[in-house]
Amino acid sequence: MANRVDEILSWYGSDNPGVLKNLRWMMETGTLAGTGKMVILPVDQGFEHGPARSFAKNAPGYDPLYHYQLAIDAGCNAYAAPLGFIEAGARQFAGRIPTILKLNNSDSLYSSDDPCPAITGSVDDALRLGCAAIGYTIYPGSSHRNEMYGDLRAIAEEAKAAGLAVVVWSYPRGGGLSKDGETSIDVAAYAAQIAAQLGAHVIKVKPPTALIEQDAARKVYESEGIKIDTLADRVSHVIQSAFDGRRIVIFSGGAAKGEDEVLEEIKGIADGGGFGSIMGRNSFQRSKSDGIKLLQTVMQIYKDTA
Amino acid sequence: MANRVDEILSWYGSDNPGVLKNLRWMMETGTLAGTGKMVILPVDQGFEHGPARSFAKNAPGYDPLYHYQLAIDAGCNAYAAPLGFIEAGARQFAGRIPTILKLNNSDSLYSSDDPCPAITGSVDDALRLGCAAIGYTIYPGSSHRNEMYGDLRAIAEEAKAAGLAVVVWSYPRGGGLSKDGETSIDVAAYAAQIAAQLGAHVIKVKPPTALIEQDAARKVYESEGIKIDTLADRVSHVIQSAFDGRRIVIFSGGAAKGEDEVLEEIKGIADGGGFGSIMGRNSFQRSKSDGIKLLQTVMQIYKDTA
Amino acid sequence: MANRVDEILSWYGSDNPGVLKNLRWMMETGTLAGTGKMVILPVDQGFEHGPARSFAKNAPGYDPLYHYQLAIDAGCNAYAAPLGFIEAGARQFAGRIPTILKLNNSDSLYSSDDPCPAITGSVDDALRLGCAAIGYTIYPGSSHRNEMYGDLRAIAEEAKAAGLAVVVWSYPRGGGLSKDGETSIDVAAYAAQIAAQLGAHVIKVKPPTALIEQDAARKVYESEGIKIDTLADRVSHVIQSAFDGRRIVIFSGGAAKGEDEVLEEIKGIADGGGFGSIMGRNSFQRSKSDGIKLLQTVMQIYKDTA
Amino acid sequence: MANRVDEILSWYGSDNPGVLKNLRWMMETGTLAGTGKMVILPVDQGFEHGPARSFAKNAPGYDPLYHYQLAIDAGCNAYAAPLGFIEAGARQFAGRIPTILKLNNSDSLYSSDDPCPAITGSVDDALRLGCAAIGYTIYPGSSHRNEMYGDLRAIAEEAKAAGLAVVVWSYPRGGGLSKDGETSIDVAAYAAQIAAQLGAHVIKVKPPTALIEQDAARKVYESEGIKIDTLADRVSHVIQSAFDGRRIVIFSGGAAKGEDEVLEEIKGIADGGGFGSIMGRNSFQRSKSDGIKLLQTVMQIYKDTA
Amino acid sequence: MANRVDEILSWYGSDNPGVLKNLRWMMETGTLAGTGKMVILPVDQGFEHGPARSFAKNAPGYDPLYHYQLAIDAGCNAYAAPLGFIEAGARQFAGRIPTILKLNNSDSLYSSDDPCPAITGSVDDALRLGCAAIGYTIYPGSSHRNEMYGDLRAIAEEAKAAGLAVVVWSYPRGGGLSKDGETSIDVAAYAAQIAAQLGAHVIKVKPPTALIEQDAARKVYESEGIKIDTLADRVSHVIQSAFDGRRIVIFSGGAAKGEDEVLEEIKGIADGGGFGSIMGRNSFQRSKSDGIKLLQTVMQIYKDTA
């Protein structure tokens, strides 16, 4: 299995050994160590949606230490959060699980049709906190996309020089897109491509629907007969769209939902060759034992396809 | 033929030997080495138009390594792409073909009447990746033109000091122009002039039509009898407009089209004294063998007029 | 005559000897050397109006080397142009004539009621290209004036520290003014004052008309009986408005016109105590011999009043 | 066992989580993972003593990749070497074993009674190469000690801010000491104290002899009855001298010697509460299988006392 | 043959693609292109020994352009010289042959038993002059070695980040060594090791004699039976000492001598697996045709063993 990790690392030939070290750290941690698959626990919902919406369903989640421990106990590859949550447990959990410092975040007290997150952390923060990677969200489709891309460019350059991996949440949203179009297959594939072109090492997108948003794209999907019927088909197309599979692409879990629904989706992602999942609300909005059980089932699905 | 390269380099007397080295590298590479003509493979369409629209017609093109190899196998002078595509193959292909790092790019998930690309790479990136040049797009006619010109100014200054060549895509577009006017002869000539005045070493424009967009220009074209009937005439006028032929001006191929149509256009460009072509979709949206065949035919046309 | 140059330099007591050296270089060059009068050749019209409108009437003017040679052959004090034109001949003509690098420029592919040029060059560019001065355009009356004034401030500070002279094109234009008001006497005088207050060493304005634009100004012009009947009167008033004659103020020639008309205007400027002219289109849109002849006649007029 | 690692980390309360992560990485790697004991492979002898003296006995050791693999195969906690050796394998071995970049080194082509190493690497090198720590040698007793202490101070400050651990080789040597005094118990204990006071996280000293070098010290050792008879006594005293056991102190193996002699010494160190060993020549100057066997026996001794 | 170049580049895994590009440029230039062997023309003797001693034997060599042309005409892989010589021809020869800017140099007007060169150029100079590499001399054995190593460290870090290769002249000399010892086998091997540990990409040493300088080394050479009888043996040992052959090591030609003697030495180097030669005085202190003939014979010897 270690060969699979080496194979994946070989795709990042322009990166220095420091970046490779941190990519390896994430891929050699937890239940999926060595498989080239990843399940990451992200907890930025407190910032993004507010505390009650995020943590009231499972109140221990108000505590930042809870999530570090959850990620470890469940066997996740990494734990991702904004500055405050990472700082709150970084000493106790130093080196016990790779962390990803989310360097930008949006709150919901001001909403805009064209979202643009605030920059809430730095590469130096990530170094002093012992993180493996920095995380950054872009919203392709927003009128502020250029500001996000440009800031990511500068941050990624600094992170890579310091040996940190770069994880990009690529979430189409904004005035350029319909609401449904945000998760349409053409837009999702495009979002993965944009993140890859911006130099992301790990790309996070949402599981795409069979909808096609842009007319110019529809013509090609139809004329070339691109298969998008099943989730597996669509995931496969997204992976292809991220440098023909030469970049790690993982999929978000979205809002909390029933276990069956989650597992059905994971199977589709796994069958399509997805590199893994980043599952927040479906993990920490359950009781700890249920969350762990679900995460482990998810990991088993990825393991079976590795 | 080498004398032609020396003659061209003599036009860049304010540039340091590092810039001249990289201009020479591009002009001494591939099938057209030494002729002073250039055919460059650009692959930024994944970012600009999305992955499916760009690569579905010839699926190997999803893979970034494909394009490096295509450019080499076809005998191109250089390969141009955004950060992610360049990074993905820079180690394997280091020094095997001159590369041009596109430092700004637009995606199509948000469209604006007044376009403005995001900055997606840096001069330091170009140095660490071993590039020969940086590439930059300006949209004269956009309300954001000043931001683009100003950013280009700063980037070009830094690039030139570090010995990198500066290639400018000058694409009129935006609120100041009609749709047809974007490729009108007066606007195309003006776009070439602007790029030259901004200090570009290599200028890329679109093949111009016989339309005249601006009334103030029309008066002069008519009173002075500027010949714009044939593509060769118009290309000749654009070249003249770029410092009377003392700057390298190459022409884009535009959307994929039939071979005959492509070759017809290339003949016009070559007859008008154009320095070459930058052909993306017409190269990589064909099968590899067809793409190479077409590129080689194009190169032969330029060779015949060198 | 040398005493007049010393006298002029004595007005710039806060500037360092480097700036004085460059002011002296301009005043000791060409036909008007030592007279304290200046005739400068500016060629930024390729950028500002487009190549055909600028150079088709006299096609050799497409070539950047033409203008360097024209300025030298005609005996001009200096040659001013944007980055590309200066770079294109700076090596061959290094030290043969003082050059002024225009650091901001507007093109005509996007027009706005409130103009604001792009920054297209730097003080470091001016140093590496061996220029005597930097040039900068402000548009008093535009809603973007503060951006222009602020950028000029920073650039002038840097230029002066490096010993470069600062030449300011002060062209009232924008939402704050009527079209005719742009060249009204009160506005022209005000524009000269603004440039002087911003720290310009040499100020370029347009020859003013007898119109008064602003009511608040009219009251004073009338109550104080300020003489504005003849061009000489008005030029005299503009000079007075630029620190009572303690700043070099020169006048632009505007669009190409008949020789008689040009000379009539020059006589007015000279009679009013103007320090000289900056004549572009009237110089290079004639044949070279006609352009030189006209420039020499203009210089003779200034010489006669020196 | 993990509790012991947490206990050790609790001593470093002024360090940021990044440093703790890297200390943990080293303590959770290899055969001794989790015991709080460490065996490190250092290979700077090529620089310090020359290649033949270092590698001729076991010629595969000329190859930098050999040592990475040896450290991994033997189950070491970390591998330490100068820039060249680390660079030569950092890509292949990225993240497979913690590395310590030695930032200063001495060669033996110029010898001085008062040694002072050259600075041969940087904190930025350590980051780009993915190292866990930087290493630095001080020679207390040398007339150049202040230069070494001062440089270490600056480097350690930078390393700690970036989350890197600081490993200090504290080797008394120089005009202030007799040859035998370099390893005397009072001097060794003092050397450990100096390194701890300079902010080292991990301190490397030589196993001390029962000699007392300084008269002022002898009085106290005698009056207070400090036990120094056995190596275990002396190691215990050195550990006490490094903040009463609140700093990690490891012991060097010195020149290659017989297996029995090595193991005898290790037993003394382990009995005295030493945190481990840093064994170079005794590891790589044997055949690979013998080296691994010896290292594993050494580790077992530490494990037994953990 | 290209595979050999790829194999060599694979040793430099911690370097960015920019460095690999420049190493490839040198290895793909001239008669030995693609063989992995190199013959470099160095001309720093004007600075090091004075002009008459360097150039009087073949007076055209006073002209800096002579050496550029000699290197090209002879089919060398690169040309190395101090700032002045490189500057003097960099424009005319830009991109026609890889250049190595020597960043430190010693003159002979002040001699010291412990030599230390002056720093005479910068990484920025190398970029603006379009060089492939920077060159730097260290004198192991000098009391000033630490200053040289430390300066090289900083320069190499900067050069590598900018994509320039680092060529180190490692010439043992100074108070720590006897005169004969400078070229003794143990010292030469040690000098190669030091340069490699300092991060050199290409290492230049002198062909070693069978002498052993240091007693500590002699014991090992004798006990391990290291073969040093023939020049080929000794070269082989030096190559082994530079990371077991994983660094490019080339050999200097030394003072001008008879053709037979030169070729005899080259055969020894080639037989021992040397990567090539850097031949100055034996090249330019002959007539141009003799110099070229000798260089080509040398290249043929290397080609035969490639």
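So is E:TYR149 part of a helix (DSSP H, G or I), aromatic (Phe, Trp, Tyr) and away from chain B (no Cβ under 14 Å) or not?
yes
Tell me, which residue of the stretch B:25-50 that is of a type outside the set (Gly, Ala, Ser) and touching an Asp or Glu at 6+ places or on another chain (Cβ under 9 Å) is surrounded by the most Cβ atoms within 10 Å (Cβ to Cβ)?
Selected residue: B:PHE47.
Considering every residue within the stretch A:161-170, establish whether at least one is more than 25 Å from A:ASP233 (Cβ to Cβ) and either charged (D, E, K, R) or open to solvent by 30 Å² or more (accessible area, probe 1.4 Å) (or both).
Within the stretch A:161-170, one or more residues are more than 25 Å from A:ASP233 (Cβ to Cβ) and either charged (D, E, K, R) or open to solvent by 30 Å² or more (accessible area, probe 1.4 Å) (or both).
Of D:ALA188, D:ALA126, D:ALA156, which residue is within 16 Å of D:PRO42 (Cβ to Cβ) and assigned to a helix (DSSP H, G or I)?
D:ALA126
How many of the residues making up the stretch A:1-22 are within 14 Å of chain B (Cβ to nearest Cβ), surrounded by 24 or more Cβ atoms within 10 Å (Cβ to Cβ) and touching a strand residue (DSSP E or B) at 6+ places or on another chain (Cβ under 7 Å)?
So the count comes out to 1.
Can you find even one residue in the stretch B:176-190 that is away from chain C (no Cβ under 11 Å), in contact with a Pro (Cβ under 9 Å, 6 or more places away or on another chain) and among the hydrophobic types (A, V, I, L, M, F, W, C)?
So far as the stretch B:176-190 goes, no, none of its residues is away from chain C (no Cβ under 11 Å), in contact with a Pro (Cβ under 9 Å, 6 or more places away or on another chain) and among the hydrophobic types (A, V, I, L, M, F, W, C).
Is one or more of the residues making up the stretch A:247-266 among the charged types (D, E, K, R), out of contact with any strand residue (DSSP E or B) (no Cβ under 8 Å at 6 or more places or on another chain) and within 14 Å of chain B (Cβ to nearest Cβ)?
no
Only one residue in D:ASP73, D:ASP125 is away from chain E (no Cβ under 13 Å) and in contact (Cβ under 8 Å) with a residue 24 or more places away in the chain, so which one is that?
Result: D:ASP73 is the single residue among D:ASP73, D:ASP125 that is away from chain E (no Cβ under 13 Å) and in contact (Cβ under 8 Å) with a residue 24 or more places away in the chain.
Which condition number in (1) under 23 Å from A:ASP233 (Cβ atoms); (2) in a loop (DSSP other than H, G, I, E, B) is the one that A:ILE194 fails?
(2)
Just the residues that are in contact (Cβ under 8 Å) with a residue 60 or more places away in the chain and either within 8 Å of another protein chain (Cβ to nearest Cβ) or among the hydroxyl-bearing types (Ser, Thr, Tyr) (or both), please, taken from the stretch D:76-122.
D:ASN105, D:ASP107, D:SER108, D:THR120
Residues being crowded, with 23+ Cβ neighbours inside 10 Å and among the aromatic types (Phe, Trp, Tyr): count how many of those fall in the stretch C:107-156.
Matching residues across the stretch C:107-156 total 2.
Within the stretch C:72-106, take every residue that is in a helix (DSSP H, G or I) and over 26 Å from B:VAL19 (Cα atoms) and give me the one that is most open to solvent (accessible area, probe 1.4 Å).
Here the residue is C:ASP73.
Specify which of the listed residues (D:ALA196, D:ALA242, D:ALA255) is closer than 21 Å to D:VAL39 by Cα and modelled with pLDDT under 95.
Exactly one of D:ALA196, D:ALA242, D:ALA255 is closer than 21 Å to D:VAL39 by Cα and modelled with pLDDT under 95, namely D:ALA255.
Name the single residue, out of those in the stretch B:44-57 being touching a helix residue (DSSP H, G or I) at 6+ places or on another chain (Cβ under 6 Å) and more than 7 Å from chain A (Cβ to nearest Cβ), that is nearest to B:ALA118 (Cα to Cα).
Looking at residues that are touching a helix residue (DSSP H, G or I) at 6+ places or on another chain (Cβ under 6 Å) and more than 7 Å from chain A (Cβ to nearest Cβ), I get B:GLN45.
Tell me, which helices (runs of 4 or more DSSP H) lie completely within the stretch D:1-62 with 3 or more residues that are in contact (Cβ under 8 Å) with a residue 24 or more places away in the chain and within 24 Å of D:ALA270 (Cβ to Cβ)?
In the stretch D:1-62, the matching helices (runs of 4 or more DSSP H) lie at D:2-9, D:17-27.
Tell me, which helices (runs of 4 or more DSSP H) wholly within the stretch C:197-306 include 2 or more residues that are of a type in the set (Asp, Glu) and surrounded by fewer than 23 Cβ atoms within 10 Å (Cβ to Cβ)?
Here the list reads C:215-223, C:259-271, C:288-305.
I need a count of the residues in the stretch B:159-185 that are of a type in the set (D, E, K, R), within 17 Å of the chain's Cα centre (by Cα) and assigned to a helix (DSSP H, G or I).
Here the count works out to 1.
Based on this model, can you work out whether B:GLY199 counts as within 28 Å of B:ASP113 (Cα to Cα), within 11 Å of chain C (Cβ to nearest Cβ) and more than 16 Å from the chain's Cα centre (by Cα)?
Working: within 28 Å of B:ASP113 (Cα to Cα): yes; within 11 Å of chain C (Cβ to nearest Cβ): yes; more than 16 Å from the chain's Cα centre (by Cα): no.
No.
The values are calculated or read from the model by the stated rules, or taken from the named source; none is laboratory data. These numbers come from a predicted model, not from an experiment. Cβ: placed from backbone, ideal geometry, glycine included. Neighbour counts: every protein chain shown. Surface accessibility is based on the protein's heavy atoms, side chains included, excluding ligands, DNA and RNA. Shrake-Rupley method; radii C 1.70, N 1.55, O 1.52, S 1.80 Å.
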